[in-house]
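Worksheet: the structure to be examined is printed underneath.
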């Protein structure tokens with residue numbers, strides 16, 4: 001039976017830790033320049049309804065390093081853009097490809113696609129969730145602290161797809177999550193309430209950034225207006241100004257706290273230059289780790305990695 005990667009929620013901790021361990025091994029092999037072509041002859045289709053730097057590069061380079069082929073497909077390149085149904089597209093594409101990664105708008109699109117596809121489908125981003133990003137972020141935290149278990153992550157800003165995926169992760173894995181969002185910009189209510197009931201170490205939503213950050217080991221932020229919300233940028237800038245991650249806010253965190261941002265960053269808005277470029281920032285490592293973690297996910301879904 002095929003396996004998809006659409007959300008972190010429902011993923012077994014043992015499977016998640018297997019991804020983390022394999023990502024570490026793949027990163028070492030990559031850094032040492034050693035052959036790790038475990039997916040030779042495999043093909044990944046990458047459907048992009050939303051543009052991207054890190055998602056496209058990490059999946060395309062990752063498939064190349066694993067010995068496979070990644071094919072970029074925008075909506076203009078396939079018949080979805082001319083009215084073909086998601087079901088027909090998914091069924092036909094499954095006859096050509098070994099896996100599909102989709103970066104799109106509604107979560108329902110990717111779920112419908114996966115429901116009709118006979119090959120694994122990976123969520124490269126939707127308006128609701130961004131699971132590959134958070135998996136990579138947890139790997140980065142594990143690199144820095146030795147484990148993500150027991151760590152407190154403070155997310156500051158918009159209750160967007162990144163926030164929702166952090167909440168899903170906290171519902172499944174033993175770390176503590178605190179969030180600070182302006183009123184009216186909360187994460188998805190269903191996802192939040194479910195996690196509050198299920199999270200082993202707790203999920204808390206605050207209005208005060210200082211309350212959320214106090215004592216945290218990780219201070220995380222994202223843009224105030226996500227892709228497709230550009231017309232809200234000016235209004236959001238005023239509302240979110242108190243939620244900027246700056247040197248004063250960082251002083252409320254733990255003395256060993258690291259700063260994370262999934263990029264792209266609007267410098268001077270959600271985060272200041274001195275913080276994102278400071279010695280606590282692991283933003284560049286985060287971006288690199290998308291490559292290694294997604295290779296581990298591809299191997300898990302496509303059965304590679306046994307002999308490398």
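Every number here is computed from the coordinates shown, using simple stated rules; none is lab data. Computed from a prediction, not measured in an experiment: that's the story for all the values here. Don't worry about glycine lacking a Cβ; one is built from the backbone with ideal geometry, like all the others, and counts go over all protein chains shown.
Numbers for the structure displayed
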read-out	value
Stokes-Einstein D for the chain, Kirkwood Rh over Cα pairs, 4 °C, 1.567 mPa s (µm²/s)	66 µm²/s
Antiparallel bridge percentage (DSSP; both residues within the chain; nearest 5)	0 percent
For region 62-107, Kirkwood radius (reciprocal of mean inverse C-alpha pair distance, Å)	12.0 Å
Burial ordering of 75, 56, 290, fewest other beta-carbon atoms within 10 Å first	75, 56, 290
Per-bin percent of Cα-Cα distances, region 65-224 [5 Å]	2, 9, 15, 19, 15, 12, 11, 9, 6, 2, 0
Segment residue 147-residue 285, length gained on full extension (0.36 nm per residue, minus Cα span)	48.1 nm
Max mean-square fluctuation residue, GNM over the chain, Cα-Cα springs under 10 Å, options 138, 249, 66	249
Share of Cα-Cα pairs in region 156-308 lying beyond 23 Å, as whole percent	41 percent
Helix-only [θ]222 nm of the chain, DSSP H runs n ≥ 4, -39500 (n - 2.57) each, per residue, nearest 500	-12500 deg cm²/dmol
Neighbour-count ranking [beta-carbon atoms within 10 angstrom, fewest first] of 281, 58	281, 58
